[in-house]
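Asker: The structure that follows is given in the form of structure tokens.
The values are calculated or read from the model by the stated rules, or taken from the named source; none is laboratory data. Since the structure is predicted, the reported quantities are computational estimates derived from the model, not experimental observations. Quick reminder, even Gly has a Cβ in these numbers, built from the backbone with ideal geometry, and neighbours come from all protein chains shown. With ligands, DNA and RNA removed, areas are computed over all heavy atoms of the protein, side chains included. Shrake-Rupley method; radii C 1.70, N 1.55, O 1.52, S 1.80 Å.
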Amino acid sequence: MMLFSSIVLVVSLLTCQSGLHVSGCDYNCTDKPVFTPSSLVVKYGDPTSATCVACNNSCQDTVSGLEKSQGVVTENGTTLVWTVDRITEWDSALTCYYSTADKQCCTDLDVTVYQPPEHVSISFVHHTGPMVEGHQYQLQCTVENVAPAKHLVVTFYRGEIVLDKLQSKSSEPYKPVTETFTLNITVSKEDNGAQFWCEAKLELGPEGPQPPPVVKSENITATVNYGPKILVSANENIQITEGDTLSLNCSSEGNPSPSYSWKLPGGRASSSSDSVFIIQSVGSDQGGNYVCTVSNKVGTDTVNFSVDVQDGPKLLVSANENVQGMTQGRL
Ligand SMILES: *[C@@H]1O[C@H](CO)[C@@H](O)[C@H](O)[C@H]1NC(C)=O
Ligand SMILES: *[C@@H]1O[C@H](CO)[C@@H](O)[C@H](O)[C@H]1NC(C)=O
């Protein structure tokens with residue numbers, strides 16, 4: 001019986017040393033191996049090291065070891081030091097163990113091998129040139145060659161405003177991935193001229209580099225076409241005295257720049273294509289409805305100016321002058 005159990009132990013140790021998984025490990029021993037540091041975050045290609053004290057008390061008649069996928073282990077009693085000049089294995093978990101006649105006690109060291117994104121870019125999907133107000137577009141952020149994906153967070157920005165924050169959906173646990181993130185946005189006129197960009201961040205926790213690796217995309221400037229909006233209210237009632245200057249202001253905002261057309265009382269079209277319509281000295285027969293129409297390729301807006309021309313004191317004065325003139329003429 002004793003002989004049989006030592007054969008099992010020898011076989012199990014051979015298995016460990018040949019790099020296969022340590023079988024029959026007990027991770028809950030009271031005196032279990034202790035790693036320093038307790039977790040490792042290493043950039044791909046960098047050197048690293050860790051120390052394991054396999055056992056503290058019950059170390060009589062034990063065999064200890066460290067299972068690794070790369071690097072070298074130097075042993076000094078039950079202290080094992082693992083060193084790597086250049087980490088090139090993406091999945092680099094370590095297992096430190098010791099074996100007694102009847103069991104094996106183990107502790108794993110999590111080694112996170114990371115690679116900051118090589119490149120981050122942003123674009124609107126299937127779209128170039130100006131966008132149109134009220135329409136939906138897809139913003140796309142592409143993050144190239146980043147590892148490990150589970151620590152990747154992508155943030156979309158408009159100027160300094162965060163639009164959305166997305167986690168990776170990749171199932172690849174260790175190796176670098178290239179992943180595309182999308183955000184649907186409905187553009188408004190406020191987006192005209194706005195800068196859109198995204199950033200990819202590897203959130204590796206307190207053991208990771210501080211600050212965490214961040215790579216930003218370039219900015220893209222949105223051009224949004226929107227229908228004109230006349231700045232004065234939809235209907236304006238204007239009272240003016242005959243002989244005064246009539247000025248109707250139909251200024252509007254729109255992209256591209258809108259064009260203006262005017263209809264005079266009685267429905268006649270004016271030749272004016274200005275945003276402000278002016279009659280230097282308005283006549284009593286020039287009252288009525290003036291309609292301004294503003295349009296660009298996205299839309300149209302209209303305002304109706306109802307103009308009431310009143311007889312004013314000036315008219316009385318000039319009538320008096322005429323009377324006086326006539327009187328003088330007669331004299
Ligand atoms: C974004 O829009 C596309 C089509 O326009 C749609 O298929 C997709 O489900 C939308 N995604 C989200 C997250 O709303
Ligand atoms: C017309 O109105 C706009 C907007 O309110 C204003 O900026 C502009 O100065 C006005 N033009 C005139 C000639 O009054």
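Asker: With S257, S261, S233 as the choices, which residue is hydroxyl-bearing (S, T, Y), more than 16 Å from ligand 1 (Cβ to nearest atom) and either surrounded by 15 or more Cβ atoms within 10 Å (Cβ to Cβ) or not in a loop (DSSP other than H, G, I, E, B) (or both)? First the steps, then the outcome.
Answerer: Working: S257 fails: either surrounded by 15 or more Cβ atoms within 10 Å (Cβ to Cβ) or not in a loop (DSSP other than H, G, I, E, B) (or both); S233 fails: either surrounded by 15 or more Cβ atoms within 10 Å (Cβ to Cβ) or not in a loop (DSSP other than H, G, I, E, B) (or both).
From the options S257, S261, S233, the qualifying one is S261.
Asker: Looking at the structure I just gave you, is L204 touching a residue at least 60 places away in the same chain (Cβ under 8 Å) and either in contact with a Lys or Arg (Cβ under 8 Å, 6 or more places away or on another chain) or more than 16 Å from ligand 1 (Cβ to nearest atom) (or both)?
Answerer: Details: touching a residue at least 60 places away in the same chain (Cβ under 8 Å): yes; either in contact with a Lys or Arg (Cβ under 8 Å, 6 or more places away or on another chain) or more than 16 Å from ligand 1 (Cβ to nearest atom) (or both): yes.
When the stated conditions are applied, L204 passes them.
Asker: Look through region 58-73, keep the residues that are under 15 Å from L109 (Cα atoms) and in contact (Cβ under 8 Å) with a residue 24 or more places away in the chain, and return whichever of them is surrounded by the fewest Cβ atoms within 10 Å (Cβ to Cβ). Working first, answer last.
Answerer: Taking region 58-73 as the starting set, the residues that turn out to be under 15 Å from L109 (Cα atoms) are 65-71, 73.
With in contact (Cβ under 8 Å) with a residue 24 or more places away in the chain added as a condition, the list becomes 65-69.
Values: G65: 21, L66: 23, E67: 21, K68: 21, S69: 15.
Residue satisfying both the conditions and the ranking: S69.
Asker: Being surrounded by fewer than 14 Cβ atoms within 10 Å (Cβ to Cβ), modelled with pLDDT of 95 or more and under 30 Å from M131 (Cβ atoms), is that true of even one residue in region 277-293?
Answerer: Checked against the condition, which is being surrounded by fewer than 14 Cβ atoms within 10 Å (Cβ to Cβ), modelled with pLDDT of 95 or more and under 30 Å from M131 (Cβ atoms), region 277-293 yields no hits at all.
Asker: For region 143-200, which positions are in a loop (DSSP other than H, G, I, E, B) and closer than 30 Å to G254 by Cα?
Answerer: G159, E160, V187, S188, N192, G193, A194
Asker: Pull out all pairs, ordered by first then second residue, where Cβ-Cβ is under 6 Å, the residues are six or more apart or on different chains, the first lies in region 173-185 and is within 15 Å of ligand 1 (Cβ to nearest atom), and the second is part of a strand (DSSP E or B) and open to solvent by 60 Å² or more (accessible area, probe 1.4 Å).
Answerer: T182/Q138; N184/Q136; N184/Q138
Asker: Also, I was wondering about something else. Among the listed residues T88, T83, T128, which satisfies the condition of being among the polar types (S, T, N, Q), surrounded by fewer than 21 Cβ atoms within 10 Å (Cβ to Cβ) and part of a strand (DSSP E or B)? Quick ask: steps written out before the conclusion?
Answerer: On the way: T88 fails: part of a strand (DSSP E or B); T128 fails: part of a strand (DSSP E or B).
Exactly one residue qualifies, and that residue is T83.
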